[in-house]
1. So which of A:Phe244, A:Phe276 is buried (at least 24 other Cβ atoms within 10 Å of the Cβ), in a helix (DSSP H, G or I) and away from ligand 1 (no atom under 16 Å from the Cβ)?
2. Which pairs turn up if I take residues in the range A:555-579 that are without any contact (Cβ under 8 Å) to a residue 12 or more places away in the chain and look for partners that are open to solvent by 70 Å² or more (accessible area, probe 1.4 Å) with beta carbon separation below 7 Å, at least 6 apart in sequence or on another chain?
3. Going by what's in this entry, would A:Glu485 be described as more than 10 Å from ligand 1 (Cβ to nearest atom) and either touching a Phe, Trp or Tyr at 6+ places or on another chain (Cβ under 7 Å) or part of a helix (DSSP H, G or I) (or both)?
4. Hey, among the residues in the range A:446-482 that are more than 11 Å from ligand 1 (Cβ to nearest atom) and basic (Lys, Arg), which one's farthest from A:Gln410 (Cα to Cα)?
5. Which numbered condition trips up A:Pro310, out of (1) outside any helix (DSSP H, G or I); (2) open to solvent by 30 Å² or more (accessible area, probe 1.4 Å); (3) away from ligand 2 (no atom under 15 Å from the Cβ)?
6. Out of the residues in the range A:386-412 that are without any contact (Cβ under 8 Å) to a residue 12 or more places away in the chain and in contact with a Gly (Cβ under 9 Å, 6 or more places away or on another chain), state the one that is farthest from ligand 1 (Cβ to nearest atom).
7. Criterion first (more than 16 Å from ligand 2 (Cβ to nearest atom), at the interface with chain B (Cβ under 9 Å from one of its Cβ atoms) and open to solvent by 30 Å² or more (accessible area, probe 1.4 Å)) does A:Arg452 satisfy it?
8. Taking A:Thr531, is it open to solvent by less than 50 Å² (accessible area, probe 1.4 Å) and of a type outside the set (A, V, I, L, M, F, W, C)?
Amino acid sequence: MTLLGRLSLEALPFYSWVAMGGAVVTLLAVLLPVLFLSYKRLWPWLWREWLTSVDHKKIGVMYIVLALAMLVRGFIDAIMMRAQQAIALNNEGYLPPEHFEQIFTSHGTIMIFFMAMPFLTGLINIIVPLQIGARDVAFPFLNSVSLWLTAAGAGLVATSLVIGRFSTAGWTGYPPYSGIQYSPGVGVDYWIWALMVSGVGSTLTGINFIVTILRCRAPGMTLMKMPLFVWTTLCTSLLIAFAFPALTVVAAMLGLDRTLGMHFFTNELGGNMMNFANLLWIWGHPEVYILILPAFGIYSEVTATFARKPLFGYRSLVYATAVIALLSFTVWLHHFFTMGSSASVNAVFGIATMVIAVPTGVKIFDWLFTLFRGQITFHPALLFTIGFIVTFVIGGMTGVLLAIPPVDYQMHNTTFLVAHFHNMLIPGALFGYLAGMQYWFPKAFGFTLNQRWGKWIFWLWTIGFYLAFMPLYLVGLLGMPRRLEQYTTPEWQPYLIVAFIGACFVLAGLCAIFIQLWVSVREREQNRDTTGDPWDGRTLEWYTSSPPAPYNFASIPKGDERDAFWQMKQTRMAYRFTQPSSIILPANTGMGVLLGVSGGILGFAMVWHIWWLALLALISIIALVVVRSSREERVSIYQPELIQSLEKPWQTSLAQAGLIGDGDPI
Amino acid sequence: MARLFIRSLTSAPLLHLYGLMMLCGLVVLSGCSLQSSPLLYPKGPVASTERELMLFAIAIMLTVLIPVWGLTLWCCRRYRKGGKGEYRPDWCSSTLVECGVWGGPLIIILLIGYLVVVYTFRLDPYKPLTVHSTDTTPFPVQAVALDWKWLFIYPELGIATVNELVFPQSRPLALEITSDTVMTSFMIPALGGQIYAMAGMTTHLNLIADQPGTFTGRNTQFSGTGFPQMYFSAKALPDKAFEDWLGTVRNASSMLNSAHYHQLARPNKSYAPVEYFSSVDTDLFNHILARYSAPSTALANGAL
Ligand code: HEM
Ligand SMILES: [Cu+2]
């Protein structure tokens, strides 16, 4: 018994049909791909080419695969809640309270940590090294470790559906409710360990990209010549590196409360939950900018490309980004204006919060002035950008409202708040990631996505968003609190039914994403991107083949102009190739996977108090790190002949497209 | 046919459709019963001022939003490929525009920032309130959050109630709030904003009702399984009716001593019915607080 800690047969989900359903779906979602891969005998290929890869592009793709899977999972949670609230007037609905609570917790946790974070990390991974003309990130192996730690965290959340239960304390996990006295099960522990394991991964990513951007830029690319996506990535990475430690600490302290009976946040013995709220939001507010800034970068790139103009007010945009990043650390208290702080404290934090609206407004106008006097083509990526501008300002407005303390006293904890933050996160972040996917997909895979389906995705998500969340603003004005499993106020129901219909539109939009992928893969031969520059791009990622060779650029391009590639094309300096010299890249390694698996097992063992297993996992982690650090780095070497043969097809198509002038060396 | 439909949906005038959709959504929804909104139709001066503040801030911000929407539509129409606008591939800076772009939002935020300072102090929930021309001494009530109900202690009267908060409408309501369970949040939306209730701590909330009436109050902070049931009715009664009600409570048979309190504090599965207690330990609120206050007292109480 003690050998398995708290784990026993009771952990299996036989206690209700909802739990069974969740477990079966999870198992199928894991088993079907596993069976498929085994049937096709693809495991060796997958291991060699993907799982062990340290290539930033492949790591990026794996991040996005994870993000899309988690988007589906998170959305299933969402539509289940919408269905429940649509019917639960004066009755239990179909979800018992315990399940409803697990679902809103897992929805929030998954969407933030395992959908949004991997999605943006994936896009950053694929694109940033290419945009700065680098061969890879500064620490390719660390990058692989980050990926697998993130995956391990996601794995822990998924495991909780099959073995045990998930937290019911909301994505913020406020004590004392999340303390051992009020939440004695394993749920909160799953939440803690999923956050801590993946949080280490995120922190490492942040550090990796700070160094990559500061140290690995192409010759000539000064900071003020970097593409805006690189700037937003730099700011996001700085935020990650400074904010995530707070999360790790606060989660660890809650874990200590729960496992070792400490009293940081309990009601008794001098514990104080207000400390938790402060620490959590010192991470939490920067976190929303961690999610949103990269999307801002994507919108910038997309706007410039499809308006065929340089960004208006590049400097303003850079300073606005930096100011937002800085200010995001000064406003955390707005998440608990109602905790009884004095009027002066609340007023200061209210004003600090609203000040962020200034640089944000600047950005909006700069994008609009980029469109102004442009030559606009409505690619799906640009549609998402326009949808974002039009919708995001509504979220900005309600955000400023919530930053006025007396207004927040009334709106806090209501669905008005839920509508506000979805208004920031869906148009503000997710639309950006989807735009990035539409825009950069050909770079990663060598063929473009079907644009007709791209437009469907945009319309379904946009209409769905408005229908699903505008009613929540109104029902918030009717006084409906968030996280409500059932209610007795008939006036709320019509709004909640409309919101459910909206979620159905989003469901269709979600399906459209996968249909688009399917259709595009099927039609890939017609939609090959042979030149590597399908949208007449402006930045360096378009100045290489699609997909790029493992080393990205046969010879490192110059970055001494803003919109470097566009300038090269204007001055006919693009596509002048020189003799390549040999290139050394780090070789693939399975250590990242092993570290991730060990991290996942450590988390699992800690959740269930299986101490011997936790110890083993910890030893394995230390051993892996020691071995890896003391061993000589294995590399793969690309000789000039190999490079030339790898570059040949791209250069041939360039020549066929008439892009390489007479006499240019091939 | 289908293709035609898709094309018409996604062609240049797409943004018109976009605007139309938003309008329709808003119209349809506001047709629903917004009159029942405690926030838009408040019943007390605190909530009314909060509403005015909100509507005023919305009005100010619409002066930015509407130009943004307009400009977006206009740019997309005029500067689409093949549109009327002149394409200027290198136009990317203008000091004048930059000044406007930073200055506009800045002015608006300064304006709203000024409102924040003024109103945050004016509407400080801790500030005692006064009613003109009547007996203005506030009516004290102590509220305790339990799993999952509210206990109200009336120290002036020596009585207590569960899930019903009754006060004379002529006097401002002065609440002291704590929790004997996890953190919750106390709110009567028709009268004003909310404040957290935390174990071992007291928070304050001052409210006034303009007119007699019954309002819904609730906990807005998720606090466990019974959270949906954690609401109560708040009644502001005219003096005479209040005296009558007081008579009913005084005639109630049950008294709230500490043994009874422990029973009451146990979690309830379904909605806890309204209960009246004709007498209550005057120190009960402080006892509840003291259970959590300092480590030494907790140790003395045998909490370990
Ligand atoms: C795709 C459509 C989505 C729908 C229909 C949806 C729906 C919901 C619903 C019904 C809730 C619970 C509201 C309540 O407490 O009353 C919720 C909460 C939440 N959602 Fe979403 N959501 C969606 C997308 C997202 C995305 C993309 C993110 C983040 C990137 C997100 C983050 C959250 C968070 C953090 C919470 C709070 C969870 C908590 O209360 O602890 N959601 N959402
Ligand atoms: Cu915040």
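The values are calculated or read from the model by the stated rules, or taken from the named source; none is laboratory data. Because the structure is predicted, anything quoted here is derived from the model rather than measured. Virtual Cβ from ideal backbone geometry, glycine too; neighbours counted across all protein chains shown. Note: areas computed on protein heavy atoms with side chains; ligands, DNA, RNA excluded. Shrake-Rupley method; radii C 1.70, N 1.55, O 1.52, S 1.80 Å.
1. Exactly one residue qualifies, and that residue is A:Phe244.
2. A:Gln567/A:Glu561
3. Numbers: more than 10 Å from ligand 1 (Cβ to nearest atom): no; either touching a Phe, Trp or Tyr at 6+ places or on another chain (Cβ under 7 Å) or part of a helix (DSSP H, G or I) (or both): yes.
So A:Glu485 does not fit the description; no.
4. If we take residues in the range A:446-482 being more than 11 Å from ligand 1 (Cβ to nearest atom) and basic (Lys, Arg), then A:Arg452 is farthest from A:Gln410 (Cα to Cα).
5. Failing condition for A:Pro310: (2).
6. Going through the qualifying residues, I end up with A:Pro406.
7. Numbers: more than 16 Å from ligand 2 (Cβ to nearest atom): yes; at the interface with chain B (Cβ under 9 Å from one of its Cβ atoms): yes; open to solvent by 30 Å² or more (accessible area, probe 1.4 Å): yes.
The answer is yes for A:Arg452.
8. Here the answer is yes, as A:Thr531 does meet what is asked.
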